[in-house]
Structure formats: C-alpha cells, structure tokens
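In what follows, a structure is listed as structure tokens, so that the remarks can point back to it.
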Amino acid sequence: MPNYEPWNISHEMFDGLTTQEQKLRFLVRYAVLAPSSHNSQPWSFVASGSHIDLIPDLSRALEISDIDHRQLHISMGTALENLLIAAEYFGYATHVSYLLGRVAGTEQIRIEFAEQTTEVAQNDRRLVEAILRRHTNRGEYTKEIPEASFLEEIRKLTTDAIRIDIVTNPVKKQALADVTIRAGIAAMDDPKFRAELSRYLKNNQTRSPLGMPAFGMGIPTLLSFIVPFLSQFFNINKLREKADRALLTEHTPAILVISTAHDTPEYWIKTGKIYERIALEATAHGMHTNPMAAAIQIGDFYMELQKILGIKSTRPQFFSRLGYAKSETRHSPRLHADHVTASASSESV
C-alpha cells in the first residue's frame, strides 16, 4: 500500500540524479525511515542550496504524552542520524548546527553538505542498508546476551555529557522492569493519555502513514480493529502486567538506558542520534530494539532509574530493550519524504 512505499529505496536511484536539490531530497528518504514516538513522525525538512533544515512539526507532536517535547526532539535526532549516515555513504561531508526553533522550547537543525572527491564516498554500506531493515520488535527475545565485543563498541559512544548503560544483570533488570511496568500503568491511568494513544494505534490493514499497526504488537488482524477502542477505555497495561513483567525479565537479555548531563532540547536530539546509531548497529548484527518511554516521561519514575543505575548527575532520556528476536515483524507505515520536504523558495512547513 502507498503508506509502506517509502521503504522501497534502491541505492542505485542516486546515480540518476543531476541537481543538488534532487540529491538532498533523496537523502531525506532515508531520514524519514527513522523511528519516532507513537510513529508520529514529527519532523519536516527544507532543502536549500547546500543545506537541509530539519524542523519540528508540531502538528504531529504528542500533546499529552510529550508535553515538554522531549520525545519529539529525540525523534528528530533519530531522523538526523539516518540523514548523516546516508549523506556519508553517498559522498558528502556534513556539518550540523543546532538553532533556536520557531516555537519557544524547540530547536531546529541545519545540516550543511559538501561533496567529497576522496574515497570516503561509498563508506560503510552496512549501516545505510541497516536503515532499510531496521524496525521496532516488541516481541519476545531469546536469552542470548549480545556479544561482549558489540556491547563494548556501543559503550564507546559514551561522552562526557552522554552516558550509555547496557544492563544484563538479572537483579538490575528486575528492578528496571518493575519501574517500567509501574510507569506504564500510571500513564494509562490518564484518560487523556489513553485517548491520544488510541489515535495512533491502527488496525493491521490501515492506510494511514502514521501510527502503529497492531501487528507490531503481535495482534492478529481481526482483533486489531478493536484494539484502539480497548486502549481508549481500559488500562491495557494493568491487564498486561504479568505478561509485560515476563517480557522484560525472561525475554529481554539486555536493557539500554541513555542518560545526559543536560536536560535540554539539544541533548534530547543527541540522545536520539545515539539511539539510532545503536539501533542500526544492532540491526547489522541481527538484533532488534524496543523503546519504552513511560519510565522516562511519566512523573518522577526516572529518579528510580537513576537510583538503580547509580547515576545521580545524569538524567535518563531513553529506555529500550535489546536482543535477538524470536520472530520477525514488519515495518510500520511512513509519510513519503516528498510530503515532509519543501524547497526554501516554496517553504510551507
């Protein structure tokens, strides 16, 4: 269906492009395949000369579950990372600037591009190919812990201001699971939260380019048509508490937590960048991820994460399962890049 067509990209398409704007717009096709909270895709792009502006689209912001726009900026960061990986592969050097957004409390990003003539062009193909294969897998993972060499490479992404924890210790995982489950139940206790979520839960035959089809949660097609209704009027997380506990303790070999020293939009974007890099590396190694935002976003549950991880000076910004999935799931739908990209001369975003 048209809402899944954005995933159909061939690297060879780039070779037939002649203008700079065509090439930059082609790179955006990789950016829009990034994950976002509720698959809301809250971004837009403006291509102009030798740069692209990545701008938050507040018409697709989550007004209830993301009132401070943390998840929006993290989503922008995942799109940014895809864009940079694709740009490097197709022979561009890039420079990223973080700019004040048009709306108070938001930021936008300017990416400047310069064509390179060295052999850096055609860099590491595995990550740009991983963009086309990556998808969130909410199902059960095997008990196999990711290889130590992989975990060590991921931990190297840590900086002075950004900390990465990968938890495989069963006791700590149990504690993290308990916080996550309680946070999820607390979120679903809010009728407004449930109403917002229900708008993004889609049946398996949806033609919408936004939202989360129920097949991603292992729900069969017939039942998928009533899931949005059920989520609006019932606290599904409370009903699933036992199953979710088993998922996090018995079917999740590793839990990823990304924390930052600064709780600002720029560092939320940087969190998204690092998460997407990890998700793509995981994809290249045959693994999957499953972000779970409740303990990060709801109330003071993040403080309990700090205590469990022993991180007083950094604020947890991202929580995800990590491991080898027992079964594959399909991609979620996407807005086409042309729908969210404008030229500076005809900017409408």
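Could you work out the local net charge near Glu276, counting Lys and Arg as +1, Asp and Glu as -1, over the other residues with Cβ closer than 9 Å to its Cβ?
Result for the neighbourhood of Glu276: +2.
Test of understanding: express the Cα radius of gyration of region 216-255 as a ratio to 2.2 N^0.38 Å, with N the residue count.
Against the compact-globule rule of thumb, the ratio is 1.37.
So for the chain, taking the charge dipole from beta-carbon charges (+1 Lys/Arg, -1 Asp/Glu), which of Leu80, Ile308, Leu127 sits furthest toward the positive end?
Checking the options against the dipole of the chain, the answer is Ile308.
Quick one: Cα convex hull volume of region 164-231, Å³ per residue?
127
For the chain, what ratio Rg/Rh do Cα atoms give with a Kirkwood hydrodynamic radius?
Value, to two decimals: 0.95.
I'd like the antiparallel share, as a percent to the nearest 5, of DSSP beta bridges with both residues in the chain.
In the chain, approximately 90 percent of DSSP beta bridges are antiparallel ones.
Put +1 on the Cβ of each Lys and Arg and -1 on the Cβ of each Asp and Glu in region 200-349; which of Pro209, Leu322, Thr264 then has its Cα farthest toward the positive end of the dipole?
Final value for the positive-end residue is Leu322.
To make sure I understand the rule: partners must be lysines, Cα under 27 Å from the Cα of Lys192, and not fewer than 8 residues away in the same chain. Which ones qualify?
Hits, sequence-local ones excluded: Lys202, Lys238, Lys242.
Let's see if you can work this out: charge +1 on each Lys and Arg Cβ, -1 on each Asp and Glu Cβ, no other charges. What is the dipole magnitude of the chain about its Cα centre, in debye to the nearest 20?
The calculated dipole for the chain is roughly 1040 debye.
Rounded to the nearest 5, what is the percent of antiparallel bridges among the DSSP beta bridges in region 139-264?
Values: 6 of 8 bridges.
Antiparallel bridges: around 75 percent, rounded to the nearest 5.
What's the angle, to the nearest 10 degrees (0 to 90), between helix 20-31's Cα axis and the longest principal axis of the chain?
Here the helix axis deviates by roughly 10 degrees.
Which translational diffusion coefficient, to the nearest whole µm²/s, is obtained for region 248-349 from the Stokes-Einstein equation, given a Kirkwood hydrodynamic radius over C-alpha pairs, 4 °C and 1.567 mPa s?
The calculation lands on 81 µm²/s.
Dividing the Cα radius of gyration by the Kirkwood radius, what Rg/Rh value follows for region 122-214?
Working: Rg = 18.1 Å, Rh = 17.5 Å.
Dividing the radius of gyration by the Kirkwood radius yields 1.04.
Note the angle between two axes, namely the Cα long axis of helix 70-89 and the longest principal axis of the Cα atoms of the chain, as a number of degrees from 0 to 90, rounded to the nearest 10.
Here the helix axis deviates by roughly 40 degrees.
Evaluate region 94-175: find the radius of gyration of its Cα atoms, find its Kirkwood radius, and give the ratio Rg to Rh.
With Rg and the Kirkwood Rh in hand, the quotient comes to 1.06.
What Kirkwood radius, in Å to one decimal, follows from the Cα pairs of region 171-287?
One decimal place: 16.5 Å for the Kirkwood radius.
Suppose only helical runs count, i.e. DSSP H with n ≥ 4. What mean residue ellipticity at 222 nm does that imply for the chain under -39500 (n - 2.57) per run, divided by all residues and rounded to the nearest 500 deg cm²/dmol?
-11500 deg cm²/dmol
With each label point set 7 Å from Cα along the Cα-Cβ vector, what nm distance links Phe233 and Glu153?
Between Phe233 and Glu153, the label points sit 5.0 nm apart.
P(r) for region 60-107, please, calculated from all Cα pair distances in 10 Å bins and given in %.
22, 44, 26, 9, 0
For region 27-79, what does the relative contact order come out to in percent, with C-alpha contacts under 8 Å and a separation of six or more?
It rounds to 43 percent for region 27-79.
I need the Debye-formula profile for region 27-68: one equal scatterer per C-alpha, no solvent, reported as log10 I(q)/I(0) at q = 0.18 1/Å, two decimals.
Debye output, listed in q order: -0.57.
Can you give the alpha-carbon Rg of region 42-158 over 2.2 N^0.38 Å, where N counts its residues?
Against the empirical 2.2 N^0.38 Å value, I get 1.27 for region 42-158.
Below 8 Å between Cα atoms, with a sequence gap of 6+, how large is the relative contact order for the chain in percent?
26 percent.
If I take R0 = 56 Å and measure r between the Cβ atoms of Leu223 and Thr19 in this structure, what FRET efficiency does the formula 1/(1 + (r/R0)^6) give, to the nearest 0.05?
0.70
Ordered by residue, what ³J(HN,Hα) values in Hz, to whole numbers, does region 296-308 give under the Karplus form 6.51 cos²θ - 1.76 cosθ + 1.60, where θ = phi - 60° and Gly and Pro are x?
With coefficients 6.51, -1.76 and 1.60, one gets 7, 9, 9, x, 10, 4, 4, 5, 5, 4, 4, 5, 5 Hz.
Gain in length, Thr142 to His331, computed as 0.36 nm per residue apart minus the alpha-carbon separation, to one decimal in nm?
Details: separation 189, 0.36 × 189 = 68.04 nm, distance 2.06 nm.
Going from the current span to full extension adds 66.0 nm.
Given Cα pairs under 8 Å that are at least 6 residues apart, what percent is the relative contact order of region 156-299?
After rounding, I find 35 percent.
Every read-out reported here was derived from the displayed coordinates using simple, explicitly stated rules and does not represent laboratory data. Being a predicted model, the structure only gives us computed values, none of them experimental. Quick reminder, even Gly has a Cβ in these numbers, built from the backbone with ideal geometry, and neighbours come from all protein chains shown.
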